[in-house]
Amino acid sequence: MAARNLVRDDLSQFGPTQTQAVSLHAAQGYCRALTLGHYENFSVLSPLVPADKRDDFAAVYAFARWADDLGDESGSPARALELLAWWRGELDAMFRGEARHPVFVALSVAVKRNALAQTPFADLISAFELDQTKTRYATWNEVLEYCRLSANPVGRLVLQVLGERCDEAQLAASDAVCTALQLTNHWQDINRDWTQRGRIYVPADMHDIAEFEQRLDRTTAQGFSSDSEFFGASKRLVRRLVARTWDEYERGENLLTLVSPRSRPLLWLFAAGGRTVLRNIERWNCETVLERPTLSPPRKIMLMARASLMAHIPTYAPTLPGPSQWIVDPEPDADAHRFPRAMMSDALSHASSAVVVDAEEHTP
């Protein structure tokens, strides 16, 4: 079943013209249903979330989901900015004690129960507003600043809802992990961000590829690369981006040692999921101008099982996935990998062998 499109399905009922009051019970039920219906890797309401925190997690997620969809599904940047301004107004109203929208009715309880500040929520809205006005990035630092608004607030809210002390060390480690998760998503979605949103998060200072945008457009439109020079250069570029992203994961690797045992399994799962996707990008030869590596269902089950064991066996500490040990030469043959792997069937050559024998299969 397709996930609900909030702008299409819910805006008429819960949009700017909404006047009907919503009970707390109904609001929390709405947020739970919304959260359970939207996830790619792991549900935010997995069994690893403490039972007494589930409604708070659902409310925080629903806030971010609404903001994301208002930014991406409104039909035009102008309309998106209009709706995001309304959403920011609803946030302001909630912090004045005037929650109206079901998400904010539920979120108001989570805010009070966990002493959540307004700034992380406002920063998330700012990130989605930025997506409407800035679709190209000149430098790596500009991309990191985007991550500061779009990803780091989520980690800080998660730590607060989990009841962590949120000291300087925890926040720094959380910011690094969340930045890495956002960067992973950017490199995973190079094709989709361009073809569906017209956005390029790859910073210009990371490459010297001539006519990058035009050649990316041609390659994604074809569904294969007739430009072997561009395809090889794009893979080398993605490999550099991936390497920098591993650095961010490593900067936040101590997060799990800084948080309570109760929080550790859930945080391990989110970090492990992102790390595995990043490793899959490597295993797919960094061909993300054409392909979108994801977590396979068996891999999701394996990661969830390991996280669940952590929750039940305090001494169990599974290793976080790291860089692939089987990296294919990004351009061994200029014509060998012009076609996306889904089209190559028996012609996958040595790159597919790397997928089969990657050291991931032997990681504890």
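Say each of residue 206 and residue 82 gets a label point 7 Å from the Cα, pointing the same way as Cα to Cβ; how far apart are those two points in nm?
Distance between label points: 3.5 nm.
Would you please put 109-118, 180-189 in order of how densely packed they are, using the mean number of other Cβ atoms within 10 angstrom per residue and starting with the highest?
My ranking of the peptides, most packed first, is 180-189, 109-118.
With everything on Cα atoms, drop me the angle between helix 102-114 and the longest principal axis of the chain, reported from 0 to 90° to the nearest 10.
80
For Cα pairs less than 8 Å apart in space and 6+ apart in sequence, what is the mean separation divided by the residue count of the chain, i.e. the relative contact order in percent?
Once normalised by length, the contact order is 15 percent.
Which order do peptides 99-108, 289-298 fall in by mean Cβ count within 10 Å, highest first?
Ranking, from highest mean packing down: 99-108, 289-298.
Just report the Cα centroid separation between the range 93-165 and the range 283-318, whole Å.
The range 93-165 and the range 283-318 have Cα centres separated by 26 Å.
Specify which labelled value, from [x] 1.20; [y] 0.94; [z] 1.02, agrees with Cα Rg over 2.2 N^0.38 Å derived from the coordinates of the model shown.
[z]
How many angstrom separate the Cα center of the range 195-251 from the Cα center of the range 42-87?
If we compute the Cα centre of each part, the gap is 29 Å.
Among 43, 93, 25, flag the residue with its Cα farthest along the positive direction of the charge dipole of the range 21-123, charges on Cβ as +1 for Lys/Arg and -1 for Asp/Glu.
Result: 25.
On a 0 to 90 degree scale, rounded to 10, what angle separates helix 54-72 from the longest Cα axis of the chain?
The helix 54-72 is inclined about 60 degrees to the chain.
Can you give the net charge of the other residues whose Cβ lies under 9 Å from the Cβ of residue 45, counting K and R as +1 and D and E as -1?
Summing Lys/Arg as +1 and Asp/Glu as -1 gives +2.
Using alpha carbons only, how many degrees (0 to 90, rounded to 10) separate the axis of helix 297-312 from the longest principal axis of the chain?
Approximately 50 degrees, to the nearest 10.
Using only helices, what value at 222 nm comes out for the chain when you add -39,500 (n - 2.57) per DSSP H run of length 4 or more and divide by the total residues, to the nearest 500 deg cm²/dmol?
-19500 deg cm²/dmol
Which of the peptides 90-96, 217-223 is most tightly packed, and how do the rest follow, judged by the mean count of other Cβ atoms within 10 Å per residue?
Listed from highest to lowest mean packing, they are 90-96, 217-223.
Below 27 Å, Cα to Cα, which lysines can residue 112 reach? Residues fewer than 8 away in the same chain don't count.
53
Just so you know, all these numbers are worked out from the coordinates, no wet-lab data involved. This structure is a prediction, so every number in the text was calculated from the model and none was measured. Positions of Cβ are generated from backbone atoms using ideal geometry, with glycine treated the same way; all protein chains shown enter the neighbour counts.
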